[in-house]
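The values are calculated or read from the model by the stated rules, or taken from the named source; none is laboratory data. Keep in mind that what you see is a predicted model, and the values were worked out from it rather than measured. Ideal geometry is used to build each Cβ from the backbone, glycine not excepted, and the neighbour counts take in all protein chains shown. The protein model used for the area step is the full one, side chains on, heavy atoms only, and it has no ligands, DNA or RNA in it. Shrake-Rupley method; radii C 1.70, N 1.55, O 1.52, S 1.80 Å.
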Amino acid sequence: MRNIWQAAAGFAPVLATVATLAPIAGAAHTGIGIVVLGAAVSLMSTRAAHGGAPWRLLLVPVGAVVVGAFAVLFHAAHAFGDGFFVVAVAVATAARALGPAAGRLGRALVLPLIGMLIAPVNPGAHPARTLAWATLAVFVAEAYVLIAARLRGTAAEEEPPSTAPARIHVWRGVQSALALTLAFAIGQTFFGEHWAWTVISAYTVGAAARSRGDALLKGVHRTLGALGGTLVATALALAIGDRRSLAVALLLVVLAAAFYLRQYGYAWWAAGVTAALALLYSLIGVAGTAALPLFGARLLAVCIGALCAILPATLLAPIRTGAVLRKRTAEALRAARDGDYAQAERRVAALREAAAPLLAIRRFRARRELAWVDALTAAVPDLRTLAADPQDTPALRRLRKTLGEVADDLRAAVATA
């Protein structure tokens, strides 16, 4: 029940954004582009680290300029817009080499850019008009995310600072540039006006991939999720026809469900977004049986986009999952031994996230790194106890025993690697 309330609180800014922008879009006859743009930015900001930090509002004008430039360049020629997007995402990804603040700044500026792929705001003959509407949509979304965080009394949970060498972040930027270049080229060549499906898939699979195995797992989850979402979307499209009010209500319900289920697996989120986009088609005039041919094309585009992200992650200076787990295990051990038990718990959570590819194939192939994940996960209750009372002797004794066993096996693994 606690998770349900947390998800509801997290999704509230999306509902508020839609409720605010929809009447404005209707009165100004702008179409639903700014509404979906605001909702997309709100969803992504809510899930991002530091989503409730006040400094994000200061970036809205800068982000709007980025969005406006992207829209104008695409209106002039796709090649200019493609290049702008690829460079922006690559630079934002590599920016973490300069420190966590630069990484957060890059992500904050890229979020509205991704939103523009989902809901492009047509600049027409007035670029200033595009800039104004994009600024409004992003500002409303970010403001509601900040208000929700303040009402809950906490900002978004801080992620553990990255300790990866700068060159790793630079290589990830290069990988993302290659993935997106492939996705743009294939999408615009073979999928016509729906080329964005390929690019969004490449971005979502590759942008946050921690390792080669993580990219593969995300690709599989996105494909399975898109398949499930396509089946649901087919039934929904046939059922609602051109009833716009029903489509809006179902779209919000589907996104809320996907937002909640995201914690149990990325495939659920991919399925929900696929189904939500199908409902979006009914709002832009593609309804009923007219939408059916789009679902097969979307599934193919999602698969190709995932492959565009997987290939660079696998072939270009790949980051091995085992190496990532060794590093994150060492970080968790160090934080616990230094007495920073709250940080140690966050490090264990990061370790489990990095271990997802190996956990997915555990039944077929057991790896020694998973024993470290299990042991440190089992120690989380003791970490919480010691964070509240560092003098709790039984918890301290159990934790020291676990840390010693994991450290010994980690040293042995490093020596034989």
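Would you check if there is a residue in the range 261-276 being in contact with a Lys or Arg (Cβ under 9 Å, 6 or more places away or on another chain), modelled with pLDDT under 75 and part of a loop (DSSP other than H, G, I, E, B)?
Here is the first cut: in the range 261-276, the ones in contact with a Lys or Arg (Cβ under 9 Å, 6 or more places away or on another chain) are 262, 266-270, 272, 274.
Okay, now just the ones that are also modelled with pLDDT under 75, so 266, 274.
Of the ones still in play, those that are also part of a loop (DSSP other than H, G, I, E, B) are none.
Checked the range 261-276: no residue is in contact with a Lys or Arg (Cβ under 9 Å, 6 or more places away or on another chain), modelled with pLDDT under 75 and part of a loop (DSSP other than H, G, I, E, B).
Quick check on ALA388: is it of a type in the set (Gly, Ala, Ser) and either within 15 Å of LEU325 (Cα to Cα) or open to solvent by 40 Å² or more (accessible area, probe 1.4 Å) (or both)? Full working, then the answer.
On the way: of a type in the set (Gly, Ala, Ser): yes; either within 15 Å of LEU325 (Cα to Cα) or open to solvent by 40 Å² or more (accessible area, probe 1.4 Å) (or both): yes.
It is true that ALA388 is of a type in the set (Gly, Ala, Ser) and either within 15 Å of LEU325 (Cα to Cα) or open to solvent by 40 Å² or more (accessible area, probe 1.4 Å) (or both).
Taking the range 145-195 as the range and being open to solvent by less than 70 Å² (accessible area, probe 1.4 Å), of a type in the set (Ser, Thr, Tyr) and at pLDDT 85 or above as the test, only SER176 passes. Within the range 1-29, track down each residue that is open to solvent by 20 Å² or more (accessible area, probe 1.4 Å), in contact with a helix residue (DSSP H, G or I) (Cβ under 7 Å, 6 or more places away or on another chain), of a type outside the set (Gly, Ala, Ser) and modelled with pLDDT of 75 or more. Passing the criteria: LEU15, VAL18, THR20. The sole residue among ARG362, ARG367, ARG398, ARG346 that is open to solvent by 20 Å² or more (accessible area, probe 1.4 Å) and at pLDDT 95 or above is ARG398.
Of the numbered criteria (1) at negative phi; (2) modelled with pLDDT of 90 or more; (3) open to solvent by less than 50 Å² (accessible area, probe 1.4 Å), the one ASP340 fails is (3). Before we move on, is PHE139 at pLDDT 85 or above, over 26 Å from ALA356 (Cβ atoms), part of a helix (DSSP H, G or I) and touching a helix residue (DSSP H, G or I) at 6+ places or on another chain (Cβ under 6 Å)? Judged against the criteria, PHE139 is not a match.
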